[in-house]
Amino acid sequence: MDQQLIETVTRLVIEKLKAAEDGQTPPAAGSKPKQETRKYGSVKVWNHVVEEQKPTAERTTAPREAAGAQAAPVSKPAAQPVKGETEGKKSGIAKPKNKEQLATLMKQTPARIGTGRAGLRPKTDAWLTFRFDHAAAVDAVYGTVDEEVLKRMNLFSVTTQVDNKEEYILRPDLGRRLSEKSKQILRERCKSKPKVQIVVSDGLSSQAVEANAEDTYLALVQSLKTLGIETGTPFFVERGRVAVMDDIGEVLEPDVVVLLIGERPGLVSAESLSAYLCYKPRRGTVEADRMVISNIHAGGIPPVEAGAYLGSVIQKILKYEASGVSLVQKEQ
Ligand code: B12
């Protein structure tokens, strides 16, 4: 499909939805947005097709400025509505064979079931909602985390070997490696060999970090403090993948790494955060030794609850000196 056309249609749809919400007249069809990035409630439209190719030179602590036209708006986006929770869940099927059964099924899942059809196609409502959620997902992947959020959390930034979002998507292997400059920064700025190293990364959803990382992080820190577990110097990894924790393990040699990272957006929520944990992650760590607490967001595990729970999981990891499948085996 033509990327440009998709962008144009998405913009028009969102402008119409927003205008309907505000009771305004939408801008004329084809009129260009003033900026590359515009916000419509929970959706920002990112012109990712024209993302600036950045030089491959190493970046240090302020990599996001280079995003230029792609820079994220500074205000925190409104919380993403969680489907099935905030929506009326009206069935789109005119004459269901079993109305009660359909209503029961629809109540049990936020998935798009019972939306009905118009001939062979989805109904307009279902189609527009899909486009809206898809736009939110694109924003989550292509967006960058608001500097203010990182400042509030007192996190400095380092980068992986990825230079831009397109490369991030095409080369997961580079997202699993810290740049040489970043390794040097970590050696200079972080406590070496801490019990627990907390790391935050945008991963596949910058909005997950903006919406949920702060509460999760604060609850986690509080929980570890209460348990008397020492933590290292926290930081943010831009465009990271889960296995970047192995490089972090090599450089700082913590006992446990806990990585709060944005999950791949689905059509239910684009701001879901995961916490991946590993005991002594190092190059060559097998995936089976990692653990995950996923779906941390308003409609899933509440961030504060997740943070508190993570503390007890870490305590167990330290006790058994193992994580993932190895932990399960040692516990038996
Ligand atoms: C994409 C994905 C996968 C992909 C990962 C491939 C890839 N390179 O991206 C594939 C299909 C391989 C996969 C496999 C599995 N997955 Co999966 N996966 C997801 C998904 C949809 C998104 C994860 C994400 O965005 N991660 C963030 C990005 C930045 O990570 P990344 O570095 O690109 O990729 C790494 C992670 O995705 C990680 N990962 C993916 N799944 C899992 C599961 C576990 C238990 C662990 C420790 C790590 C892990 O492995 C990738 C390589 O390092 C989540 C759903 C969700 N809500 O999070 C489920 C999810 C995390 N997966 C899940 C499960 C159960 C599995 C499997 C155990 C399934 C199985 N029975 O084989 C395996 C385990 C894989 C592993 N690494 O150990 C569950 C975990 C439930 C839980 N709380 O323990 C989730 C939450 C889905 C669900 N709702 O059930 N998964």
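Cβ-Cβ contacts under 9 Å between residues 6 or more apart (or on different chains), taken from a first residue in segment 93-104 that is closer than 17 Å to residue 118 by Cα to a second residue that is assigned to a helix (DSSP H, G or I), are listed as 93/99; 93/102; 96/102; 96/103. Here residue 288 does not qualify as within 12 Å of the ligand (Cβ to nearest atom) and crowded, with 23+ Cβ neighbours inside 10 Å.
Return yes or no: is residue 141 within 19 Å of residue 258 (Cα to Cα), among the hydrophobic types (A, V, I, L, M, F, W, C) and within 16 Å of the ligand (Cβ to nearest atom)? Taking the combined requirement at face value, the residue does not satisfy it. Could you tell me whether residue 221 is assigned by TED's automatic domain parsing to the domain that holds residue 164 and either farther than 23 Å from residue 171 by Cα or modelled with pLDDT under 95 (or both)? It is true that residue 221 is assigned by TED's automatic domain parsing to the domain that holds residue 164 and either farther than 23 Å from residue 171 by Cα or modelled with pLDDT under 95 (or both).
Quick one: would you say residue 202 is among the charged types (D, E, K, R), surrounded by 23 or more Cβ atoms within 10 Å (Cβ to Cβ) and in the same structural domain as residue 297 (by TED's automatic domain parsing)?
yes
Which residue is nearest to the ligand (Cβ to nearest atom), if the candidates are limited to segment 207-262 and must be in contact with a helix residue (DSSP H, G or I) (Cβ under 6 Å, 6 or more places away or on another chain) and among the basic types (Lys, Arg)? Per the stated criteria, the residue is 241. Among the criteria (1) crowded, with 17+ Cβ neighbours inside 10 Å; (2) out of contact with any Gly (no Cβ under 7 Å at 6 or more places or on another chain); (3) over 16 Å from residue 195 (Cβ atoms), the one residue 264 does not fulfil is (1).
Hey, can you tell me all the residues within segment 178-187 that are farther than 14 Å from residue 252 by Cα and not in a helix (DSSP H, G or I)? Within segment 178-187, just 179 meets the criteria. Note on segment 170-189: among residues that are surrounded by 20 or more Cβ atoms within 10 Å (Cβ to Cβ) and more than 16 Å from the ligand (Cβ to nearest atom), the one that is farthest from residue 230 (Cα to Cα) is 179.
The values are calculated or read from the model by the stated rules, or taken from the named source; none is laboratory data. As the structure is a computational prediction, the values presented were derived from the model and not from experiment. Note: ideal-geometry Cβ built from the backbone for every residue, glycine included; neighbour counts use all protein chains shown.
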